[in-house]
Amino acid sequence: MSHTIIGTKLGMTQRFGPDDESIPVTVIKCGPCTVIRTKTTEGKDGYNAVQVAFDAVPERKVTKPRLGEYQKRKIAPHRILREFRVSADDVKKYETGKVITVDGLRQGYFIDIIGTTKGRGFAGVVKRHGFHGHDAGHGAHEYYRHPGTGGMGSIFPGRVPLGRGRPGQMGNCRQTTQSLQVVDVDETRGLVFVKGAVPGPTGGLVMIVEAKKMTDAKVDKRIAAAQAEAAKQGGKMLNPLKAAKRAAKGG
């Protein structure tokens, strides 16, 4: 099942795992999200995707073209509308009007989270790219944090190579953090506790999608093997978070 849901980052805290170890987690308030429409390769769109709406608002806060889309499908207006690419098998599981919650997520699963990083304003090369700057020796003045030369000679090729670090806006860009592990899920309050940091400020919008590198099937297989081994030996089951992590790494 594709983990396709939109949420709001609430901040960071800590949770205690089965072995009483402290785990730094980011708390995300997810959903409920409503499916607006689906796209398939058989249709006129030519690709598989699902459009999801989040955060219901009054009609006056939605543009007229967007309001027409909601009224056409008899769905209440929402502030956020996003489209997610899904597989051909997963797109069949969605239908217009379906409400998506966090019940599809489970402890030990891995997800990719998309967000917008914090904006840092205009920054120089020392802060933005980690340049060392120039020596503050005798004769050097007002040049300590400058980028220095970026060209390759005046004859050939006589230009600045692509990708050279330069001053400019820092942050405020789309970023995807891959393979974050779900530590806990609170279905009643719609909260997801994710191990590690999530891009964006507190209160920022984030999108959760299925991990591209660490699949749920591999994690389920490893956890089932751990449960069977513990039942055979009559002992305590292995830490499901660690078992899922080993499964993701091919262990």
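The values are calculated or read from the model by the stated rules, or taken from the named source; none is laboratory data. Keep in mind that this is a model prediction, so the values were computed, not measured. Please note: Cβ atoms are built from the backbone with ideal geometry, for glycine as well, and neighbour counts cover all protein chains shown.
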* Looking at region 45-53, is at least one residue of a type outside the set (S, T, N, Q) and without any contact (Cβ under 8 Å) to a residue 12 or more places away in the chain? -> yes
* To do: Being over 25 Å from residue 198 (Cβ atoms), assigned by TED's automatic domain parsing to the domain that holds residue 29 and not charged (D, E, K, R) narrows it down to one of 101, 96, 149, so name that one.
  => 96
* Asked: What do you reckon, is residue 160 hydrophobic (A, V, I, L, M, F, W, C) and under 30 Å from residue 29 (Cα atoms)?
  -> no
* Structure fact -> Among (1) without any contact (Cβ under 8 Å) to a residue 40 or more places away in the chain; (2) not assigned by TED's automatic domain parsing to the domain that holds residue 204, residue 125 falls short only on (1)
* Structure fact -> How many residues of region 114-155 are aromatic (Phe, Trp, Tyr) and within 18 Å of residue 174 (Cα to Cα)? The answer is 1
* **residue 6 being at pLDDT 95 or above, within 21 Å of residue 116 (Cα to Cα), touching an Asp or Glu at 6+ places or on another chain (Cβ under 9 Å) and surrounded by 17 or more Cβ atoms within 10 Å (Cβ to Cβ)** => yes
* Asked: Taking region 66-107 as the region of interest, how many residues are of a type in the set (Asp, Glu) and either surrounded by 13 or more Cβ atoms within 10 Å (Cβ to Cβ) or not in a helix (DSSP H, G or I) (or both)?
  -> 4
* Mind telling me which of the residues 16, 110 ends up being surrounded by 13 or more Cβ atoms within 10 Å (Cβ to Cβ) and of a type in the set (Phe, Trp, Tyr)? => 110
